[in-house]
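Each remark here refers to the structure printed beneath this line.
Since every read-out is calculated from the coordinates, none of them should be taken as a lab result. The structure displayed is predicted, hence computed values, not measured ones. Reconstructed Cβ throughout: ideal geometry from the backbone, glycine too, with neighbour counts over all protein chains shown.
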Amino acid sequence: MTKSTSSDQQFKVVNDFLKTVSDQNRLRILQVLGKKTLTVGEIYKKLNLPQNLTSHHISRLKKVELLNEKREGTFRIYSVNNKKLKEYSKLFQELLGF
């Protein structure tokens, strides 16, 4: 892979990440999870959002691997994927030349 292709891929990954977290509701979901684990029901009640909208935003966050999902019976429990968040931060810094 050439340096240009690698840089183009980095740009796309960082761009997708930034588009995802630039949504206020998604950012609020990440904030409310913090170091906690919560179900969709707990998240939407804390944020005063409709359940279906919360599920949509969770799906988008999962798509870029920012959330961990653990199943317990019929419940799905979510937490922030700190490892992936750090990877995005590192990619972002590299892309900007920090």
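A few remarks follow.
- Put simply, the Cα atoms of the chain extend 46, 25, 20 Å along their principal axes, the longest span coming first.
- Unit charges on C-beta of K, R, D, E only; dipole of the chain, Debye: 240 debye
- Filter on LYS12/LYS83; LYS36/LYS84; LYS63/LYS83; LYS45/LYS90; LYS12/LYS70 - keep pairs with C-alpha separation over 21 Å: LYS45/LYS90; LYS12/LYS70
- One chain, two ends: LEU96 and ASN52. Fully extended at 0.36 nm per residue, the span grows by 12.2 nm beyond their Cα-Cα distance.
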